[in-house]
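Written out below as structure tokens is the structure these notes cover.
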Amino acid sequence: MKWLLRCTALIIFSSAIAASAQTSDWAKIVNGKLTYKTFGNGNHIMDFSSAGYMGGGVALPTVPAKITLNPSGGDDSSAIQVAINKISAMPLSNGFRGALVLGKGTFHVSSTLNVAASGVVVRGSGSGTGGTVVSTTVAHVFNVAGTGTYQTFNTTALSGSYIPSGAQSITVASTAGFLVGDNVVITRTVTAAWIHFMGMDKLVRNGQPQTWLSPGSQTLTDRTITAISGNMITLDGPITDSFDAKFLGTPVGTISKYDFPGRISQAGIEHLKIQAPVGTEVFNAITMSAVMDGWISDVVGQETQNAFSVNRNCRRITLDHVINNNTTRQTNAAAATAFDITGTQVLLNKCAANSSGMWPIATSALGAGPIVVLNFTSTENHPIEPHQRWTTGLLTDNAKLPNSGVDYINRRTDGSGHGWCMGWGVAWNDTAPRFTISAAPGTTDWCIGCVGAKVSNPPDPDGTFDSLNTHVVPASLYLEQLKERLGQQALTNIGY
């Protein structure tokens, strides 16, 4: 009975804390479920929970070892690549071929190591002391990459004059030929009218015109159909940008089925340290390109710069406990980046950037998230800053940045016309000295429950600030969204 009374008291106390905690109307729990405030034709904070390996909430696999190598004492490049190639030629079994296991000690690498087949994993024996070190004299260590691009077919128009950011169901001209489970790509084409609306058609630097985005370039949103009802298609993840006929014309965009025969899947690098020489020369650690359902886990980059990159043709990628350390300040005209992330449905979980003089997190041009940066830490004096020419749908969730901040801003003529970099981004319960959160035309960015100073970037308008200097519930937006969609087991699967 005493135990029951203690439990009852704890439940009442916990409920009282939850009831008294600060909430945000933009995303708050009502009757056990998140509800979202909308504005401007239905835009709202999107569901970020499809970010991550296999669409979120799925544990990273342990792939059976096929070949084990130990350090030779000399140049190990050829031996490692030959082993990767041998595993790449093995048959697939449930999506996997096998893992190359690198034993303890230091492997010396003088040429790029390429993983170019599905189902191949390179696994070290630990990223810490006594584990596996890949010591490099080559500028680019691991390249995990498929080939080719989207091959679209069965294209139909998106219906309506406006599709809001955050929508997961869209109406189309015809659903003929589409089936649940189909991979599809939604195309949003840049127009001169939209560039003018964004104020990006008159960028001038040193007396020379600068180009933000060229008319005709496209944002591609890569999704899977989860339901079809009449002419309405429901997707596995949100539309991250709004589609407005006033600026994009009619139709506002298209949706197509696609093949991507050269893209690889179920590939990863894990449990090792990549050691570059000390200095200001740029050494990349791992790049992923044309990969679906891949991962980088328990990897340390030491003295690596522009270290971990996930290109925009990647989908459903997890970086888990990936750390980039530098002891030398970058002196190049353009600062390097620890993590350059422009893929879709990408999760960075408990990653870190430790140095001074690099961007901890950046994005490149024409990306469509969701991109989730969860429980990230950085000692950098540069902020988390989407960097080049319009990516949408970034969430920084419980980031700790004692020396910098979060900037969702118009970079104007920086970098030859980076201009507006981020729309529909969310900073949620982050802690940093400052937050510069602006609102691009027709959009907003949110800063909710963050602890730090609000900084403006005139003449651009501020984004949406709510509960500044007081954290809100839910404590993590991503984890709450994931739990509501897939249940508590999904959180357990990713270590929560």
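Descriptive notes on the structure:
- Within the range 251-305, tally of residues that are farther than 28 Å from G131 by Cβ and over 21 Å from the mean Cα position of the chain (by Cα): 11
Table: residues versus (1) under 22 Å from the mean Cα position of the chain (by Cα); (2) part of a strand (DSSP E or B); (3) surrounded by 20 or more Cβ atoms within 10 Å (Cβ to Cβ); (4) assigned by TED's automatic domain parsing to the domain that holds I239.
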site	(1), (2), (3), (4)
V144	yes, yes, yes, no
G160	no, no, no, yes
T171	no, yes, no, yes
G181	no, no, no, yes
L213	yes, no, yes, yes
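- Among the candidates S50, S78, the residue that is over 14 Å from N493 (Cβ atoms), surrounded by fewer than 22 Cβ atoms within 10 Å (Cβ to Cβ) and polar (S, T, N, Q) is uniquely S78.
- Test: G148 is of a type outside the set (A, V, I, L, M, F, W, C) and either in contact with a His (Cβ under 7 Å, 6 or more places away or on another chain) or crowded, with 16+ Cβ neighbours inside 10 Å (or both): no
- Selection status of V204, in contact (Cβ under 8 Å) with a residue 40 or more places away in the chain, under 30 Å from V115 (Cβ atoms) and not charged (D, E, K, R): no
- Residue match in the range 455-474 (condition: of a type in the set (A, V, I, L, M), surrounded by fewer than 19 Cβ atoms within 10 Å (Cβ to Cβ), assigned by TED's automatic domain parsing to the domain that holds T62 and in contact with a Pro (Cβ under 7 Å, 6 or more places away or on another chain)): no
- Counting only residues that are among the charged types (D, E, K, R) and assigned to a loop (DSSP other than H, G, I, E, B), the range 265-295 holds 1 of them.
- Tally, over the range 313-336, of residues that are at pLDDT 95 or above and either crowded, with 20+ Cβ neighbours inside 10 Å or in a loop (DSSP other than H, G, I, E, B) (or both): 11
- The single condition from (1) part of a loop (DSSP other than H, G, I, E, B); (2) closer than 27 Å to I195 by Cβ that I371 fails is (1).
- Conditions (1) more than 15 Å from Q275 (Cα to Cα); (2) among the small types (G, A, S); (3) in a loop (DSSP other than H, G, I, E, B); number of the one not met by S127: (1)
- In the condition set (1) surrounded by fewer than 17 Cβ atoms within 10 Å (Cβ to Cβ); (2) within 15 Å of T391 (Cβ to Cβ), A440 is compliant with all but (1).
- Residues of the range 296-312 that are surrounded by 24 or more Cβ atoms within 10 Å (Cβ to Cβ), not in a loop (DSSP other than H, G, I, E, B) and not aliphatic (A, V, I, L, M): G301, F308.
- In the range 120-131, residue surrounded by the fewest Cβ atoms within 10 Å (Cβ to Cβ) [restricted to those that are polar (S, T, N, Q) and in contact with a His (Cβ under 7 Å, 6 or more places away or on another chain)]: S125
- T363 being out of contact with any Asp or Glu (no Cβ under 9 Å at 6 or more places or on another chain) and either among the polar types (S, T, N, Q) or not assigned by TED's automatic domain parsing to the domain that holds V141 (or both): no
- Exclusive hit being touching a strand residue (DSSP E or B) at 6+ places or on another chain (Cβ under 9 Å), of a type outside the set (F, W, Y) and touching a residue at least 60 places away in the same chain (Cβ under 8 Å), set G294, G301, G249: G294
- Residue in the range 104-114 that is farther than 30 Å from S77 by Cβ and charged (D, E, K, R) present: no
Table: residues versus (1) crowded, with 18+ Cβ neighbours inside 10 Å; (2) touching a helix residue (DSSP H, G or I) at 6+ places or on another chain (Cβ under 7 Å); (3) part of a loop (DSSP other than H, G, I, E, B); (4) not assigned by TED's automatic domain parsing to the domain that holds L395.
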position	(1), (2), (3), (4)
G57	yes, yes, yes, no
T68	no, no, no, no
S72	no, yes, yes, no
V82	no, no, no, no
P91	no, no, yes, no
S118	yes, no, yes, no
V134	yes, no, no, no
V141	yes, no, no, no
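- The requirement of being under 26 Å from L394 (Cβ atoms) and in a loop (DSSP other than H, G, I, E, B) is not satisfied by L220.
The values are calculated or read from the model by the stated rules, or taken from the named source; none is laboratory data. From a predicted model like this one, the values you see are computed outputs, not experimental measurements. All Cβ positions, even for glycine, are placed from backbone atoms using ideal geometry, and neighbour counts span all protein chains on display.
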